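Here the structure comes first, spelled out in structure tokens, and everything after it is commentary.
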């Protein structure tokens, strides 16, 4: 895909939408599929200074686990539904 083609496709969406790249295909054929998708998302920083983003197709909280001073800490962070632009490569 040429840059001008990608720019043209992206101009169909609002400028303030977030873009995610899905590179899940094993064989990249040179095409990028651009689509709009609703996902549940949270972005958080724990009190232990760990930053994380969580994306899900399902309405579920993010269950974050970390080890602090030899103990496993579990924290649930609520998600909110947002629209994203997905670039599938």
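The values are calculated or read from the model by the stated rules, or taken from the named source; none is laboratory data. The structure displayed is predicted, hence computed values, not measured ones. Note that we place each Cβ from the backbone using ideal geometry, even for glycine, and neighbour counts take in every protein chain shown.
Considering only segment 1-18, how many residues are surrounded by 12 or more Cβ atoms within 10 Å (Cβ to Cβ) and modelled with pLDDT under 90?
Matching residues across segment 1-18 total 1.
Candidates are the residues of segment 19-44 that are under 30 Å from residue 75 (Cβ atoms) and surrounded by fewer than 11 Cβ atoms within 10 Å (Cβ to Cβ); the one that is modelled with the highest pLDDT is 38.
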